[in-house]
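See structure below.
The values are calculated or read from the model by the stated rules, or taken from the named source; none is laboratory data. What you see is a predicted model, and the numbers here were worked out from it, not measured in a lab. Backbone-built Cβ (ideal geometry, glycine too); neighbour counts: all protein chains shown. Only protein heavy atoms, including side chains, enter the accessible area calculation; ligands, DNA and RNA are left aside. Shrake-Rupley method; radii C 1.70, N 1.55, O 1.52, S 1.80 Å.
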Amino acid sequence: MTTRIIGTGSYLPKAVVTNDDLAKIMDTSDEWIRTRTGICERHLVTEETTTSMCIEAAKRALENAGISGEEIDLIIVGTVSGDNMTPSTACEVQAAIGAAKAVAFDMNAACAGFIFALNTAHAYFQAGIYKTALILGAETLSKIMDWNDRSTCVLFGDGAGAAVVRADESGLLAFEQGCDGSKAHVLLGKSRGNNNPLVSTDTSLDYVHMDGQEVYKFAVSTVPASVQRVLEKANVSIDEISYFALHQANIRILQSVAKRLKVSEDKFPISLDHCGNLSAASVPVLLDEMNQKGMLKKGGKIVLSGFGAGLTWGTVLLEW
Ligand code: UT7
């Protein structure tokens, strides 16, 4: 028994902010952002929230799968930017889509969040516990960015992506996931401090800090090795892969991974040009765009990979 994706959906906020828009409010330029990252514009929330974007993406994925919320056993939302400390985003989605029998929880694996959620659903399926799941990656990163730090805020955007997955005879062929907590400091967003009667710390909320070059080095070395291990596990040759749908952090990372794997860049679809980096939402938003464009053919093999804060990474080989 394995796991098949039977529907996808996504939601991007209505407001679009171009590089030129940012250059009007900070010391940056379209030229710098575009050449260093490949990003041209991003969507930022105005009235949307992480929860509302999840609900819309979930409804679209259910419609694409042709099933109702009542059929869902499990909902997992990969996010680092939920609206509440509690309840979880997933519980709010459960209520909104009428998934009364579903168990629902959030998962924090940063940019690998959707992949970890997919692998968790897969493990439940393999154990025979659940049959149908809704997995999401969703972020409102604009609220945890330091808008005075041009080296991070220009990179990220807001959005949500979803997939309906089902226990099936074919689909997910192999996966791996990993973490390296010893490098946690290279991409950090701290929680509020403690002000209990015994301690007094700064309780203001901090923003995300990133050592971009360290994360870059991690990504271009870890991702190709992870992809190769997953292909070996499934005994699938790299030539059989139609697409590598990777976390969308930087076009130079995608180009470097393609080069290291000796694969044409054409097999690396891109959404970062119009979305920026969406952390956990990157992979499912990209996957939905590929699905909408008819790029995913039945029986075709694709690789998904997410990587980022933690440090975390996860790679999945799927037969569509
Ligand atoms: O999703 C999680 C995973 N995250 C990633 O994978 C991110 C990986 N890292 C990267 O993509 C790249 O390291 C960045 C895009 C973040 C940065 O690119 P870089 O080529 O490593 O640039 P840099 O940090 O070395 O900065 C080069 C210069 C600096 O100026 P000086 O010191 O050379 O004078 C920066 O101050 O660019 C400057 N700079 C900017 N200039 C204009 C930094 N941000 C900006 C900006 N606009 N927005």
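Enter the Cα centre distance for the pair segment 6-29 and segment 87-110, rounded to the nearest angstrom.
When both Cα centres are located, 26 Å separates them.
Could you check how much of the accessible area of segment 2-169 is carbon and sulfur, as a whole percent, using a 1.4 Å probe? All intermediate terms of the calculation are to be shown ahead of the outcome.
Values: 3290 of 6670 Å².
Of the solvent-accessible surface of segment 2-169, carbon and sulfur hold 49 percent.
How big is segment 2-169 by the Kirkwood estimate over distinct Cα pairs, in Å?
Working: mean 1/r = 0.0604 Å⁻¹.
Here the Kirkwood hydrodynamic radius works out to 16.6 Å.
Starting from the Cα of Leu205, step 7 Å along the direction of its Cβ; do the same at Lys101; then give the gap between the two resulting points in nm.
For the pair Leu205/Lys101, the computed spacing is 3.7 nm.
How much mean residue ellipticity at 222 nm does the chain get from its helices, if each DSSP H run of length 4 or more adds -39500 (n - 2.57) and you divide by all residues, to the nearest 500 deg cm²/dmol?
Values: 10 runs with 104 residues, N = 320.
Estimated from H runs of four or more residues: -9500 deg cm²/dmol.
Can you give the direction-averaged projected area of the convex hull of the alpha-carbon atoms in segment 174-319, in nm²?
Numbers: hull surface 42.0 nm².
Mean projected area of the Cα convex hull: 10.5 nm².
Compute the convex hull volume of the Cα atoms of segment 88-190, divide it by the residue count, and report the result per residue in Å³ as a whole number. Show your work: numbers first, answer last.
Working: hull volume 13.7 nm³, N = 103.
Dividing the Cα hull volume of segment 88-190 by its residue count gives 133 Å³.
For segment 60-71, take each phi angle, set θ = phi - 60°, evaluate the Karplus expression 6.51 cos²θ - 1.76 cosθ + 1.60, and give the result in whole Hz per residue in order, putting x for glycine and proline.
Those phi angles translate into 5, 5, 5, 5, 5, 7, x, 10, 9, x, 4, 7 Hz.
Pairs of Cα atoms under 8 Å, at least six residues apart: use those to get the relative contact order of segment 174-319, whole percent. Can you show the working numbers first?
Details: 220 pairs, mean separation 49.5, N = 146.
Over segment 174-319, the number comes to 34 percent.
Using per-residue counts of other Cβ atoms within 10 Å, averaged over each peptide, order 90-99, 179-188 from highest down.
Numbers: 90-99: 21.4, 179-188: 13.7.
Order by mean packing, descending: 90-99, 179-188.
Residues of the chain: accessible area per residue at 1.4 Å, in Å²? Numbers along the way, then the final one.
On the way: 13770 Å² over 320 residues.
With the other protein chains kept in place, the chain gives 43 Å² per residue.
For q values of 0.09, 0.10, 0.11, 0.13 Å⁻¹, compute log₁₀ I(q)/I(0) with the Debye formula on a Cα-only model of the chain, without solvent.
-0.42, -0.52, -0.64, -0.90
Can you tell which of Ala225, Val93, Gly212 lies farthest toward the positive end of the dipole of the chain, using +1 and -1 charges on the Cβ of basic and acidic side chains (Lys, Arg; Asp, Glu)?
Ala225
First compute the accessible area of segment 174-319 with a 1.4 Å probe, then give the percent of it belonging to carbon and sulfur atoms.
50 percent
Under a cut-off of 16 Å between alpha-carbon atoms, report the lysines in cross-link reach of Lys293, not counting same-chain residues fewer than 8 places apart.
Lys267
Given a cut-off of under 8 Å on Cα pairs at least six residues apart, what relative contact order in percent is computed for the chain?
Once divided by the residue count of the chain, the mean separation gives 26 percent.
Measure up Lys262/Lys298; Lys183/Lys233; Lys101/Lys233; Lys131/Lys217 against 31 Å on the Cα-Cα distance and list the ones that go over.
On the way: Lys262/Lys298 25 Å; Lys183/Lys233 27 Å; Lys101/Lys233 35 Å; Lys131/Lys217 38 Å.
Going by Cα-Cα distance, Lys101/Lys233; Lys131/Lys217 fall outside the 31 Å limit.
By average Cβ neighbour count within 10 Å, what is the ranking of 286-296, 36-46, 69-79 from highest down? Could you put the intermediate results ahead of the total?
On the way: 286-296: 18.4, 36-46: 20.5, 69-79: 24.8.
So the peptides 286-296, 36-46, 69-79, ranked by packing, come out 69-79, 36-46, 286-296.
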